[in-house]
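See below for the structure under consideration.
The values are calculated or read from the model by the stated rules, or taken from the named source; none is laboratory data. All of these numbers come straight from a predicted model, not from anything done at the bench. Glycine also receives a Cβ, built like all others from the backbone with ideal geometry; neighbour counts cover every protein chain displayed. Just so you know, the surface numbers come from the protein's heavy atoms only, side chains and all, with ligands and any DNA or RNA stripped out. Shrake-Rupley method; radii C 1.70, N 1.55, O 1.52, S 1.80 Å.
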Amino acid sequence: MSSHRSTTSSRTTSRKHSTTTKLTSTKKHTRNKIDEFSLEYVNEDHIEAFANALAEDPEQDTTEHIAAVTDFMPIRQKVKKKKPKVPNGFDGISYHIVRFPLMLFIFTIITFELICYVLVRQIVNIWEYFVQWRGERYLLREQLRNSTTYKEWKEAAKQLDSYFHYNEWKDEIPFGYYDFNLLQKVNRDLKKTRESPSSDSHSLLKNVLQNCVKNNFAGVENVRLYSQTYYGTKKVVENYIDEVTESLDYLRTSKSLPLEEKRKLFRNTQKNYGRTALCLSGGACFGYYHLGVVKALFEANLLPTVITGTSAGGLIAALICVRTDDELAQVLRPELNQRLTACSESLDIWLKRWWTIGARFDAVDWARKTQWITKGSLTFREAYERTGRILNISVIPYDPHSPPKVLNYITAPDCVIWSAVIASAAVPGILNPVVLMQKLKNGTIVPYNYGHKWKDGSLRTDIPIQSLHMHFNVKNTIVSQVNPHIHLFFYAPRGSVGRPVSHRHGRGWRGGFLLSGIEQYLKLDLSKWLKWIRDLELLPKVADQDWSMIWLQKFEGNITIWPKSKISDFFYILSDPDYERLDRMITTGQRVTWPKLHMISNRLKIERAIQKGKDHVKREQKRKLRHQRNNDETNDIHIGHGRTMSSPSIVQSLVNINNSGGSSSSDYFDHSSSGQEESDEMILTNGNVNDSDSDSSNSEIFSGSNTSNIGSNDDDDLNILKYDMVTSQSSSSSEDDGILTPDDGQDLL
């Protein structure tokens, strides 16, 4: 009961404020709120169900088979059965003879190259510290590094740009990493067409936008355009962002462009441009650096809607996606350490457990402590409906041959989030594989997927870019990478976003060309040997896990944020943070994120302008249908199966829309059969869910396959189905403003 009351009170409170509330005004708004840290969400019935599921063996057959071995033996006599032998390995003498000597030879080379690599990196650091950064430039850099707010950091960055004369580079148009000629033509045409008094200017402007609003058009999202200065980029690129945004807003508010043309424009541009996702990597207790990254994005109002996490990143992603903006502002503080107690057990307890079951931590204990992070036993669907944020968590099956899986409100809508967080952190030797749980309609939880067990997703897919693109049309990724075994190899010889190279005023190589060349060679050669070990399957499996993939994945995104860790962090890699350490990690995460905010802002300006246009079109369509229905409600007619249609004119208009231009019924309702982003979209406003983020699971209602099946029936049934779908959305109460949730979609289906 306490869990239910606390959840209800937090939901009621969250509706009082808009999601666009800035963190700087949180103190004024949170005075009358319940403190998030004081709430409790533990459900002992769910904990017991989880413990029972862990104790069960999914491979064991509990059915009693009554049969006798022979006519002379009792039917209940225990008979030992030999388990079928599963081949595990290769035949051949040479493989077994050469395998371990070859591994010894390769690891000797890897060790030598790793020592050389560390030596090269230290030479570069010494050169930069004593030679490159001296005098006034050193003082300016220290001012930049010690900034406490984004505003202070931006002022210090502009001073560095002025000192190194990078502002002159911004004014220059030619540059070898983007198509500046094409960009100038587009900027000129957008402005000229928008200001033209011609009657067909709207159609011309629409055609120009359809051609230029695409992912990385003319190379405007090339990181080299943002790695030559501390703040900003080429002015022609900034003009492109402004011109596109103004043109989209102009067509959205235009009365001359038909509503159907607007719908097609914003629908197609969103497909071409794609969406942005925030990806949080694993990394044990290094994952608390993610809190600073999230806080910097949140304060700048640049937090993407699609968020994915693996292992420690999954814990932080769950913390974000189950809370509204007002609630999130309360927990992104160092006081959060009082709730991060997963590693609080003493040394003698975990040593005894590791000796007994082969794992340091207890999954049931973690389930009890994780329920505050996930606000109880919320599912992926419930979290999406509550906040509008799309949570994704990567896990891999215990079976080494099964593919990884990304859990979200489409692939596993009823899966309980805290079970997914624990499964994504189940590293062999640290935590044994666990069972995912799913919630039933009566509120109880049962094992998911026949009770099979899952473990840490970062062992194979730390950053699930392909799955995000398939489900949510993600074409731009912001990766916060804190894995300690990967962090060492980040170098950026030509600079990174917001961090230009100091050598030759940004036009050289970090540490000089020779040292950068040696660093690249050693890193590529290390990767070559690791791939050879993986492909020849030389590395023995430890804890029934192939560990060769932990170095050979894709760990970077379009924008990669590398929080700078300390050597002391390795001593606390499996420990809970105290107040001071968590405060330092949050501050460090913020400081490494500030240089990336301008590039992220430019990308999200266009994304949000497109989304604003789609929301406007949907509101106008609903308003138009509602108005037409109110005018014709006196002409109600009854058509088959007891359905009531408000007006025959609506039926005729739907038939005309269906027949015009060859567009299908799925086109009219702005849904795509691919199910990437064209279904019931939801955005959070005052704590409620409205249309903005895609729910591809419901797009099956309007998919092409279903449309073709409907088309096989008579026209009357098609019109009835279309009308029922429209009126179900337009006749919603004023409280939810016609929101179509995933449950509503299933009811319609």
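Please verify whether region 438-459 includes one or more residues that are under 20 Å from Arg368 (Cα atoms), touching a helix residue (DSSP H, G or I) at 6+ places or on another chain (Cβ under 6 Å) and among the hydrophobic types (A, V, I, L, M, F, W, C).
Yes, region 438-459 has at least one match.
Output the residue which, of all residues in region 579-609 that are among the charged types (D, E, K, R) and more than 19 Å from the chain's Cα centre (by Cα), is most open to solvent (accessible area, probe 1.4 Å).
It comes out as Glu580.
Which number in (1) under 30 Å from Arg507 (Cβ atoms); (2) under 34 Å from the mean Cα position of the chain (by Cα) marks the one condition that His165 misses?
Among (1) under 30 Å from Arg507 (Cβ atoms); (2) under 34 Å from the mean Cα position of the chain (by Cα), His165 violates only (2).
Go through region 536-563 and give me each residue that's under 29 Å from Leu582 (Cβ atoms) and β-branched (Val, Ile, Thr).
Ile550, Ile559, Thr560, Ile561
Which members of region 392-422 meet the condition of being over 17 Å from Lys439 (Cβ atoms) and touching a His at 6+ places or on another chain (Cβ under 7 Å)?
Pro397, Tyr398
Can you tell me which of (1) buried (at least 16 other Cβ atoms within 10 Å of the Cβ); (2) in the same structural domain as Pro404 (by the TED database) is the one Leu440 doesn't meet?
(1)
Do the conditions hold for Tyr273, that is, is it surrounded by 24 or more Cβ atoms within 10 Å (Cβ to Cβ), more than 23 Å from Met549 (Cβ to Cβ) and among the aromatic types (Phe, Trp, Tyr)?
It is false that Tyr273 is surrounded by 24 or more Cβ atoms within 10 Å (Cβ to Cβ), more than 23 Å from Met549 (Cβ to Cβ) and among the aromatic types (Phe, Trp, Tyr).
May I ask you to verify whether Gln553 is in a loop (DSSP other than H, G, I, E, B) and either touching a helix residue (DSSP H, G or I) at 6+ places or on another chain (Cβ under 8 Å) or not small (Gly, Ala, Ser) (or both)?
Details: in a loop (DSSP other than H, G, I, E, B): yes; either touching a helix residue (DSSP H, G or I) at 6+ places or on another chain (Cβ under 8 Å) or not small (Gly, Ala, Ser) (or both): yes.
Spelling it out, Gln553 is indeed in a loop (DSSP other than H, G, I, E, B) and either touching a helix residue (DSSP H, G or I) at 6+ places or on another chain (Cβ under 8 Å) or not small (Gly, Ala, Ser) (or both).
Quick check: is even one residue across region 567-578 in a helix (DSSP H, G or I), within 30 Å of Thr149 (Cα to Cα), open to solvent by less than 40 Å² (accessible area, probe 1.4 Å) and of a type outside the set (Ser, Thr, Tyr)?
There is at least one residue in region 567-578 that is in a helix (DSSP H, G or I), within 30 Å of Thr149 (Cα to Cα), open to solvent by less than 40 Å² (accessible area, probe 1.4 Å) and of a type outside the set (Ser, Thr, Tyr).
Just the residues that are open to solvent by 60 Å² or more (accessible area, probe 1.4 Å) and over 33 Å from the mean Cα position of the chain (by Cα), please, taken from region 464-508.
Arg504, His505, Arg507
Would you mind finding the one in Lys523, Lys566 that is under 18 Å from Phe490 (Cα atoms) and assigned by the TED database to the domain that holds Pro428?
Values: Lys523 fails: assigned by the TED database to the domain that holds Pro428.
Result of the check over Lys523, Lys566: Lys566.
Just to be sure I understand, how many residues within region 168-206 are in a helix (DSSP H, G or I), among the aliphatic types (A, V, I, L, M) and farther than 22 Å from Gly613 by Cβ? Break it down into steps so the answer makes sense when it comes.
Going through region 168-206, the residues in a helix (DSSP H, G or I) turn out to be 168-171, 180-195, 201-206.
Now narrow it down to the ones that are among the aliphatic types (A, V, I, L, M): 182-183, 186, 190, 204-205.
Add one more test, that the residue is farther than 22 Å from Gly613 by Cβ, and what stays is 182-183.
Matching residues across region 168-206 total 2.
Just checking, how many residues over region 120-156 are open to solvent by 80 Å² or more (accessible area, probe 1.4 Å) and more than 15 Å from Gly512 (Cα to Cα)?
Residues in region 120-156 being open to solvent by 80 Å² or more (accessible area, probe 1.4 Å) and more than 15 Å from Gly512 (Cα to Cα): 10 in total.
Within region 141-167, how many residues turn out to be within 23 Å of Leu225 (Cβ to Cβ) and either in contact with a His (Cβ under 6 Å, 6 or more places away or on another chain) or assigned to a helix (DSSP H, G or I) (or both)?
Here the count works out to 17.
Every residue in region 427-455 that is among the basic types (Lys, Arg) and in contact with an Asp or Glu (Cβ under 6 Å, 6 or more places away or on another chain), please.
Listed by number, the list holds a single entry, Lys439.
From Val395, Val446, grab the single residue that is of a type in the set (A, V, I, L, M) and surrounded by fewer than 22 Cβ atoms within 10 Å (Cβ to Cβ).
Val446
Restricting the first residue to region 243-268 and requiring it to be assigned by the TED database to the domain that holds Lys191, which pairs with a second residue that is of a type in the set (Asp, Glu) meet a Cβ separation below 6 Å and a spacing of at least six or different chains?
Leu259/Glu620; Arg267/Asp670
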